[in-house]
1. Using a Gaussian network model of the chain with C-alpha springs under 10 Å, which one of V15, V44, V59 is most mobile by mean-square fluctuation?
2. Which length gain, in nm to one decimal place, applies between D33 and A66 when the Cα-Cα distance is subtracted from 0.36 nm times their residue separation?
3. Which of F62, F70, F48 moves most in a GNM of the chain, Cα contacts under 10 Å?
4. Taking 8 Å as the Cα distance limit and 6 or more residues as the minimum spacing, I'd like the relative contact order of the chain as a percentage.
5. Restricting to DSSP H runs of at least four residues, report the calculated mean residue ellipticity at 222 nm for the chain, -39500 (n - 2.57) per run over all residues, nearest 500 deg cm²/dmol.
6. Between the helical axis of 2-15 and the dominant principal axis of the chain, each derived from Cα atoms, what acute angle in degrees is found, rounded to the nearest 10?
7. Hey, rough spin-label estimate for M1 and M50, points 7 angstrom out along Cα→Cβ, what's it come to in nanometres?
8. I want the local charge near A39. Using Cβ-Cβ distances under 15 Å, sum +1 for each Lys or Arg and -1 for each Asp or Glu among the other residues.
Amino acid sequence: MIVFCGAATIIFHRVVSTELLTAYLATSPGEIDAVIAIAASTNVDMPFAMGLQTVRLIVVLFLGPALARFAARRSGIDYVSD
């Protein structure tokens, strides 16, 4: 996960022409409140970082359950379906 986020940071830095800290905060895993605290205390593009963090949260909310079901089926784990 850390390697993926690091690669995404470099891609955003080069493609969007944003500074490295802004790109890192936009792609960093973890809680949004930690990103807010760091972004508020530094000089970064806060709307960009928070926008990508919000998109990440929405993607995880919608794709997470489907990915968990897929992984459970492939591993043979019995789960309760909704």
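The values are calculated or read from the model by the stated rules, or taken from the named source; none is laboratory data. Please read all numbers here as calculations on a predicted model, not as lab measurements. Every residue, glycine among them, receives a Cβ derived from its backbone with ideal geometry; neighbour counts consider all protein chains shown. To get the accessible areas, we keep the full protein, side chains included, count just its heavy atoms, and leave off ligands, DNA and RNA. Shrake-Rupley method; radii C 1.70, N 1.55, O 1.52, S 1.80 Å.
1. V15
2. 9.3 nm
3. F70
4. Values: 54 pairs, mean separation 18.0, N = 82.
Once normalised by length, the contact order is 22 percent.
5. So the helix-based figure for the chain works out to -25000 deg cm²/dmol.
6. 50
7. 2.4
8. Net of charged neighbours comes to -3.
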